[in-house]
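To keep things clear, I will list the structure first and then write my remarks on it.
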């Protein structure tokens, strides 16, 4: 998609490939890839106007740098001194108090990031990991059984992809059965504020803040209960975790809970949905995986994540004047990493447009490009994908995922609904 060059406050021209329009993000991933390929080839670090879908439009926002090559994304990810997260990880500028309450240490820089991540990591003990993986396997069995009962033609997103992440999260943190559905709904809202179908006329900021407040209330109640009645769950571990004399406050636990609810719910759900569709579209790959599932699923999971790229963009802010791939970037300017482009970069992947479950190496950016902000829950996501497709290929091996209803947006690569027959 190309438009006439635009000018940013008379200082530099916006790139003719427009990555900021609502129309661009309403198209398919394949259509967007043609624009990404052009940028990767000729202008891997390019200047763009502010995005149209903005929660809090800022008239003074000059735009952002788009980073589209895999190697440059890795550079930005790993240089946390030059490229900061503390100003936010979305395209737009969000008030600091809203950032901290919703994105936890995802939107922090050292030294505070270091302390909070260590505390959160301390709660992921080997015992917790084993317990989580056992519950994932049990939940996957139940969910595929329920999908069979729902019958051929049921919505895969509603009956399967949505269910495993929220049950996993609930088991991890100890969410009561009565609150699970509303927690899932609130987590959806945190990443759906730009989706007109989801909003259905509601004010996006009110939806976002209301959902965040609800999740904070749930986390606060859980933390208070676990201090008095500790159990064998992640919230109990979080309230007791201590590193070098530091403990998490209730506010920090609540913010981390929001991050878990969003990152642990929506991203895995989208990967599951895109993978089911890909296994339908590429039956040779499904047959290859099914022929030796246990040995082949580890590499298949990595390709599921690359192919889906559930998080399409993340932003940093330049801490100082710097240069990236020959382009001069000024201190304070936004730098946006386009994972949806980097994961299909011909320089990093052999035939990136091919769905290849045996792909090795597969240096995808699905869990980030390395550095301080590498996904803390990557092993949980992998366990869920292993479990659900193990069950599906065993119990409904002839499944066919139909045409997906896509969610427009520049952050999550979302599928709203998708029928599945078997």
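The values are calculated or read from the model by the stated rules, or taken from the named source; none is laboratory data. Keep in mind it's a predicted model, so treat the numbers as computed, not measured. Glycine gets a Cβ as well: all are built from the backbone with ideal geometry, and neighbour counts include every protein chain shown.
For this structure, a couple of remarks:
- Filter result (part of a helix (DSSP H, G or I), over 18 Å from the mean Cα position of the chain (by Cα) and surrounded by 19 or more Cβ atoms within 10 Å (Cβ to Cβ)) within the stretch 64-75: 72, 75
- Residue in the stretch 226-249 that is over 25 Å from residue 408 (Cβ atoms), crowded, with 23+ Cβ neighbours inside 10 Å and under 21 Å from the mean Cα position of the chain (by Cα) present: yes
- Those residues of the stretch 27-43 which are exposed (fewer than 14 other Cβ atoms within 10 Å of the Cβ) and closer than 17 Å to residue 343 by Cα, in sequence order: 28, 30, 31, 34, 41
- Residue 345 farther than 14 Å from residue 82 by Cα, surrounded by fewer than 23 Cβ atoms within 10 Å (Cβ to Cβ) and touching a helix residue (DSSP H, G or I) at 6+ places or on another chain (Cβ under 8 Å): yes
- The one condition in (1) modelled with pLDDT of 95 or more; (2) over 26 Å from residue 280 (Cα atoms); (3) not in a strand (DSSP E or B) that residue 355 fails to fulfil: (2)
- Against the criterion of being more than 19 Å from the chain's Cα centre (by Cα), buried (at least 21 other Cβ atoms within 10 Å of the Cβ), more than 28 Å from residue 172 (Cβ to Cβ) and modelled with pLDDT of 95 or more, residue 334 qualifies.
- Unique residue being closer than 16 Å to residue 411 by Cβ and at pLDDT 90 or above when the list is 37, 71, 29: 29
- Test: residue in the stretch 370-387 that is on the phi < 0 side of the Ramachandran plot, in a loop (DSSP other than H, G, I, E, B), at pLDDT below 95 and surrounded by fewer than 16 Cβ atoms within 10 Å (Cβ to Cβ): yes
- All positions within the stretch 152-164 that are in contact with a helix residue (DSSP H, G or I) (Cβ under 7 Å, 6 or more places away or on another chain) and outside any loop (DSSP other than H, G, I, E, B): 154, 156, 157, 159, 160, 161, 163, 164
- Screening the candidates 251, 332, 245 for the property of being in contact with a strand residue (DSSP E or B) (Cβ under 7 Å, 6 or more places away or on another chain) and farther than 30 Å from residue 397 by Cβ yields one hit, 332.
- Some residue of the stretch 376-391 being closer than 28 Å to residue 51 by Cα and touching a helix residue (DSSP H, G or I) at 6+ places or on another chain (Cβ under 9 Å): no
- Enumeration of residues in the stretch 311-323 that are more than 25 Å from the chain's Cα centre (by Cα) and either in a helix (DSSP H, G or I) or touching a residue at least 24 places away in the same chain (Cβ under 8 Å) (or both): 320, 322
- Selected residue [closer than 19 Å to residue 256 by Cα and at pLDDT 85 or above] from 95, 50, 110, 62: 110
- The stretch 117-162 - residue that is modelled with pLDDT under 80 and touching a strand residue (DSSP E or B) at 6+ places or on another chain (Cβ under 9 Å) and, of those, surrounded by the fewest Cβ atoms within 10 Å (Cβ to Cβ): 121
- Residues of the stretch 262-288 that are more than 30 Å from residue 219 (Cα to Cα), in contact with a helix residue (DSSP H, G or I) (Cβ under 7 Å, 6 or more places away or on another chain) and either surrounded by 24 or more Cβ atoms within 10 Å (Cβ to Cβ) or without any contact (Cβ under 8 Å) to a residue 40 or more places away in the chain (or both): 274, 275, 276, 279.
- Top-ranked residue of the stretch 6-26 - restricted to ones that are at pLDDT 70 or above and over 30 Å from the mean Cα position of the chain (by Cα), ranked as surrounded by the most Cβ atoms within 10 Å (Cβ to Cβ): 13
- Checklist (1) at pLDDT 95 or above; (2) surrounded by fewer than 19 Cβ atoms within 10 Å (Cβ to Cβ); (3) within 24 Å of residue 306 (Cβ to Cβ) applied to residue 81, failing item: (3)
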